[in-house]
Amino acid sequence: MIKTALTELIPIEYPIFQGGMAWIADGKLAAAVSNGGGLGIIAAMNADADYLRQQIAVARSLTDKPFGVNIMLMSPNADAVAQVVADEKVAVITTGAGNPAKYMDLWQQAGACVIPVVASVAMAKMLGRSGAAALIAEGGESGGHVGDTTTMALVPQVCDATTLPVIAAGGIADGRGVAAALMLGACGVQLGTRFLLAEECSIHTNYKEKVLKATDISTIITGKRLGHPVRSLKSPFSNAVFKLEYSQISDAELEEMARDTLRLAAVEGDMQKGCFLAGQVAGMVKKSQPARQIIQEIFDEAELILKGVNRWIK
Amino acid sequence: MVFEKIAALIADHVGCDIADIKAESTFEALGIDSLDTAEMVIELEEELGIEIQLKEKMETVGQLAKYIESQKG
Ligand SMILES: Cc1cc2nc3c(=O)[nH]c(=O)nc-3n(C[C@H](O)[C@H](O)[C@H](O)COP(=O)(O)O)c2cc1C
């Protein structure tokens, strides 16, 4: 058993989160991960309050374990969904794309554990003191919206900058990654890409097949010019954006190109127009498995590695 | 005073001429993203000896300066 500050903070068996994933991480996936001993997280993305309430109800119908909701602070519905997670007394709230300070009182009164995602030391310092229970340090290897600094470089620097428990995210897909994250000072991990192949993940089979076919160099970052870079699997869509990004095309046209592309990938499996978010570890994801089995396998391996570390000390 | 300090920090960060930084300059136009802003705010805190709690997104240098002035009390 691997027990850390994270399993003390939140009543979960294994110190692992399934990260919020727009159009992907719904109540069903979150419940499966929570039933498997980790913390499942529903992505509120840009959706409205009704969608989130529905997904919370789905999760509650499938599990009595704690789960979380990921709030995208840039969402036009941020105020509304922030109220929903408070009303519904969701156990854990993770936040992305900004500073959750303005919701902190509301959420703390509701008894939630608030865990912001940070991509730099300064963000860790700023968000860490506003009442956060822990921080997720997310490196640029991740799928989805990314910063530049890699997990390897970011995690120890964030650990040095805060006294809060730190959860490492980005580039972790197996027990080796978990063991390494603990060595870097983290007390838990958040995975996204590997859970794309959880049996309980409802994305289109084209998406799953694209991840299964991916190698170590299959991802690309686009969207830097607009100030929100995202990592996705190379595809006709991402290649086109990558080429056009540094052409004369206007920002508005670029924004328009990206509209609806996450849904097209996850729901429609549109291989031409979809944006298939995934991290650099996509090449390590080799099979579809139940969420419980993914978690079990990862922690069996991590435990074996950590038990053996003495062999390097002579 | 706060404005000059921010301008100096920005000039230092992006390597531009401090004279080019106006109150109405947007962070976006200066090539400063949200991570850079967070870093500068932390640096400013250390310099000014105050805690700056950013609750709104700041678009321009002038906005940030004004906000920090108000937090200084
Ligand atoms: C398909 C996909 C969608 C994602 N969407 C979101 C999101 O809506 N909000 C968020 O905070 N993070 C999002 N992420 C990031 C994950 O929550 C997680 O931090 C990341 O996937 C960890 O890195 P990994 O992909 O290397 O496992 C997304 C990641 C992926 C792969």
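Residues of segment A:285-300 being over 17 Å from the mean Cα position of the chain (by Cα) and either in a loop (DSSP other than H, G, I, E, B) or over 21 Å from A:Gly40 (Cα atoms) (or both), which ones?
A:Lys286, A:Lys287, A:Ser288, A:Pro290
Go through B:Asp12, B:Asp36, B:Asp20 for me and flag whichever is farther than 20 Å from A:Lys102 by Cβ and within 13 Å of another protein chain (Cβ to nearest Cβ). Steps first, please.
Numbers: B:Asp12 fails: within 13 Å of another protein chain (Cβ to nearest Cβ); B:Asp20 fails: within 13 Å of another protein chain (Cβ to nearest Cβ).
Criteria check complete, one pass: B:Asp36.
Go through segment A:74-97 and give me each residue that's within 23 Å of A:Leu9 (Cβ to Cβ), in contact with a helix residue (DSSP H, G or I) (Cβ under 9 Å, 6 or more places away or on another chain) and in a loop (DSSP other than H, G, I, E, B).
Once the filter is applied, which keeps residues that are within 23 Å of A:Leu9 (Cβ to Cβ), in contact with a helix residue (DSSP H, G or I) (Cβ under 9 Å, 6 or more places away or on another chain) and in a loop (DSSP other than H, G, I, E, B), segment A:74-97 yields A:Glu88, A:Val90.
Quick one: which of B:Asp17, B:Asp12 is modelled with pLDDT of 85 or more and among the acidic types (Asp, Glu)? Reasoning before the result, please.
On the way: B:Asp12 fails: modelled with pLDDT of 85 or more.
Just a single option satisfies the conditions, and that option is B:Asp17.
Return the total of residues in segment A:201-252 being assigned to a loop (DSSP other than H, G, I, E, B), in contact (Cβ under 8 Å) with a residue 24 or more places away in the chain and within 14 Å of another protein chain (Cβ to nearest Cβ).
Looking only at that region, the number is 5.
Could you please give the count of residues in segment B:41-61 that are more than 10 Å from chain A (Cβ to nearest Cβ) and buried (at least 16 other Cβ atoms within 10 Å of the Cβ)?
Final tally of qualifying residues: 4.
Conditions (1) assigned to a helix (DSSP H, G or I); (2) more than 16 Å from the ligand (Cβ to nearest atom); (3) out of contact with any helix residue (DSSP H, G or I) (no Cβ under 7 Å at 6 or more places or on another chain); (4) not hydrophobic (A, V, I, L, M, F, W, C), marked per residue:
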position	(1), (2), (3), (4)
A:Ile2	no, yes, no, no
A:Glu8	yes, yes, yes, yes
A:Pro11	no, yes, yes, yes
A:Trp23	no, no, no, no
A:Ala30	yes, no, no, no
A:Ser34	yes, no, yes, yes
A:Tyr51	yes, no, yes, yes
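Right, B:Ser25: within 14 Å of chain A (Cβ to nearest Cβ), of a type in the set (S, T, N, Q), under 30 Å from A:Asp79 (Cβ atoms) and more than 9 Å from the chain's Cα centre (by Cα) or not? Outline the logic, then answer.
Details: within 14 Å of chain A (Cβ to nearest Cβ): no; of a type in the set (S, T, N, Q): yes; under 30 Å from A:Asp79 (Cβ atoms): yes; more than 9 Å from the chain's Cα centre (by Cα): yes.
No, not satisfied.
I'd like the residue in segment A:85-98 that is away from the ligand (no atom under 13 Å from the Cβ) and surrounded by fewer than 22 Cβ atoms within 10 Å (Cβ to Cβ) and, out of all such residues, is farthest from B:Gln53 (Cα to Cα).
So the residue we want is A:Glu88.
State which residue is nearest to the ligand (Cβ to nearest atom) when the search covers only segment A:105-118 and only residues that are surrounded by 22 or more Cβ atoms within 10 Å (Cβ to Cβ) and within 13 Å of chain B (Cβ to nearest Cβ).
A:Val117
Of everything in segment A:119-144 that's in a strand (DSSP E or B) and within 11 Å of the ligand (Cβ to nearest atom), which residue is nearest to A:Phe17 (Cα to Cα)? First the steps, then the outcome.
To start, the set of residues in segment A:119-144 that are in a strand (DSSP E or B) comprises A:135-138, A:144.
Filter once more, so that each one left must be within 11 Å of the ligand (Cβ to nearest atom): A:136-138, A:144.
On the way: A:Ile136: 10, A:Ala137: 13, A:Glu138: 12, A:Gly144: 16 Å.
Of everything passing the filter in segment A:119-144, A:Ile136 is nearest to A:Phe17 (Cα to Cα).
Which residues, counting only those in segment A:123-151, are over 15 Å from A:Ala186 (Cα atoms), within 13 Å of another protein chain (Cβ to nearest Cβ) and among the acidic types (Asp, Glu)?
A:Asp148
The values are calculated or read from the model by the stated rules, or taken from the named source; none is laboratory data. All values derive from a computational prediction rather than experimental measurement. Please note: Cβ atoms are built from the backbone with ideal geometry, for glycine as well, and neighbour counts cover all protein chains shown.
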